[in-house]
1. Do we have any residue at all in region 206-218 that's at positive phi and either surrounded by 21 or more Cβ atoms within 10 Å (Cβ to Cβ) or within 16 Å of the ligand (Cβ to nearest atom) (or both)?
2. Can you tell me how many residues in region 262-295 are among the hydroxyl-bearing types (Ser, Thr, Tyr) and under 19 Å from ALA155 (Cα atoms)?
3. Residues that are within 16 Å of the ligand (Cβ to nearest atom) and either in contact (Cβ under 8 Å) with a residue 60 or more places away in the chain or surrounded by fewer than 22 Cβ atoms within 10 Å (Cβ to Cβ) (or both): does region 368-380 have at least one?
4. Name the residue that is nearest to the ligand (Cβ to nearest atom), counting only residues in region 247-264 that are open to solvent by 10 Å² or more (accessible area, probe 1.4 Å) and within 19 Å of the chain's Cα centre (by Cα).
5. Say whether the condition of being among the β-branched types (Val, Ile, Thr), open to solvent by 20 Å² or more (accessible area, probe 1.4 Å) and either within 16 Å of the ligand (Cβ to nearest atom) or assigned by TED's automatic domain parsing to the domain that holds HIS347 (or both) is met by at least one residue in region 223-246.
6. Does ASP289 satisfy the condition of being modelled with pLDDT under 95 and within 16 Å of the ligand (Cβ to nearest atom)?
7. Just the residues that are under 24 Å from the mean Cα position of the chain (by Cα), open to solvent by 20 Å² or more (accessible area, probe 1.4 Å) and within 26 Å of SER328 (Cα to Cα), please, taken from region 83-99.
Amino acid sequence: MITENYDVIVIGGGAIGLATAYHLGKKNAKTLVLEQFTFLNQSGSSAGVSRQFRIPYPDEYMVKMALEAIPYWDELQKETDVQLLDKVGTLWFGDPEVRSTEGNIADAEKSLKALGIPYSTLTSKEIEEQFHFRNLPDNYTGLFQPGGASINFKATIETLLNLCQKDDTIQLEENSPVLKITPKGKLFEITTPHGTYITKKLAIIPGPYINSVINLLDFKIEATYWNMASAYFRKTDPNIQYPTWFVFQNRIEQNGNQFYGFPSVDWDHPEYIRVAPDFVITPLEEPNDRTFIPNPQELQYTSDWINDHMTGLNTQPEYTSTCLIALSTIQDKELLIDFAPPYVPNHKNIVVYATGWAAKFTPFLGKIMSDLVLDGKTDFDISPFKLGHKYFLAL
Ligand code: BEZ
């Protein structure tokens, strides 16, 4: 049995766990990252290759968060020769009345305007002429924001992992699910199948596996789990290019009818365009219920949408992937960043990040989590996400 003493143990070695460890290393905190599977695994929210970076959000604080994330992306970019963000812009379009988990076009415009962020508005015809979509209803509107990007998420995680591996203050342990968390005075004892570790502080960032960890501390979050499908469609026109985009439309029975897509990039099936449904027909009760097989009906709706509204692509996918995400019942605020609830011993020494779509904030969330866990505070305003009092439930 190993017994070691750490300043911080990070539970969860996905993108945000590694980003947190990287920032802890910069502050010389002796850090251990415990990953239940292997690093770079495809079983959690860090699966897949690309993500969208975007600035439009219906809430101003989210727009500010996206802007504040940029210098942290720039900093991480200096650590690798691989381009992490491919800045092709964000196109949001569709029915202006529709509200989704991603927001609403008119509200996002208001926030961008209020903060003086450049964007252009588009009619349905202009979207077709400038971006290769077709047969869009006349009432559709759009906004194009040039700061959006396709994130090379795989390279982002690899870069963070390399940085952590090179840092002597950080120890990385894979195949190490946490079995027990025992408060011991001002410290915590953490048990995995490989050993027992002592730490002053805990950063809990296990993605969709959040409840399996916080249950050990006698609380939980109500969440459903989306096994999100994604697919790659071969370009029939080799010169066609799309920005990162999202279409807002009303659901039609079980077809959630919201889709999003990416440009073709040389780091992810270069001859293909990735398009994905932003809905699941059947949310899961438990993360362990997931399969790695995309739902064929969701893929069919995606193919149908491409057939009706996109140009220059085959309509049947040739590659597919899935990604598992935990979504809470928090209205429009899927991110939860907070200390453990007061009934947990040493609760101020336990910081939790859970639920929502946060890949675009990866290096910035690492900074925030490292500040919170080491110093108990951060310079960034996290009040919109400090929702534990409402969403952490005692077991
Ligand atoms: C996002 O930008 O948050 C997002 C885009 C597409 C699907 C899910 C989330």
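The values are calculated or read from the model by the stated rules, or taken from the named source; none is laboratory data. No experiment lies behind these values; they were computed from the predicted model shown. For neighbour counting, all protein chains shown are included, and Cβ atoms are generated from backbone atoms with ideal geometry for every residue, glycine included. SASA here: full protein model, heavy atoms, side chains in, ligands and nucleic acids out. Shrake-Rupley method; radii C 1.70, N 1.55, O 1.52, S 1.80 Å.
1. Scanning region 206-218 turns up at least one residue that is at positive phi and either surrounded by 21 or more Cβ atoms within 10 Å (Cβ to Cβ) or within 16 Å of the ligand (Cβ to nearest atom) (or both).
2. Residues that pass the stated criteria total 2.
3. No.
4. If we take residues in region 247-264 being open to solvent by 10 Å² or more (accessible area, probe 1.4 Å) and within 19 Å of the chain's Cα centre (by Cα), then TYR260 is nearest to the ligand (Cβ to nearest atom).
5. Step one: of region 223-246, the residues among the β-branched types (Val, Ile, Thr) are 224, 236, 240, 244.
Next, from what is left, pick out any that are open to solvent by 20 Å² or more (accessible area, probe 1.4 Å): 224, 236.
Filter once more, so that each one left must be either within 16 Å of the ligand (Cβ to nearest atom) or assigned by TED's automatic domain parsing to the domain that holds HIS347 (or both): 224.
Yes, the conditions are met somewhere in region 223-246.
6. Spelling it out, it is not the case that ASP289 is modelled with pLDDT under 95 and within 16 Å of the ligand (Cβ to nearest atom).
7. Within region 83-99, ARG99 is the sole residue that qualifies.
Results for (1) of a type in the set (A, V, I, L, M, F, W, C); (2) under 25 Å from PHE93 (Cβ atoms); (3) modelled with pLDDT of 95 or more; (4) in a strand (DSSP E or B), shown as yes or no for each residue.
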{"site": "TYR260", "(1), (2), (3), (4)": "no, yes, yes, yes"}
{"site": "PRO270", "(1), (2), (3), (4)": "no, no, no, no"}
{"site": "VAL275", "(1), (2), (3), (4)": "yes, yes, yes, yes"}
{"site": "GLN300", "(1), (2), (3), (4)": "no, yes, yes, no"}
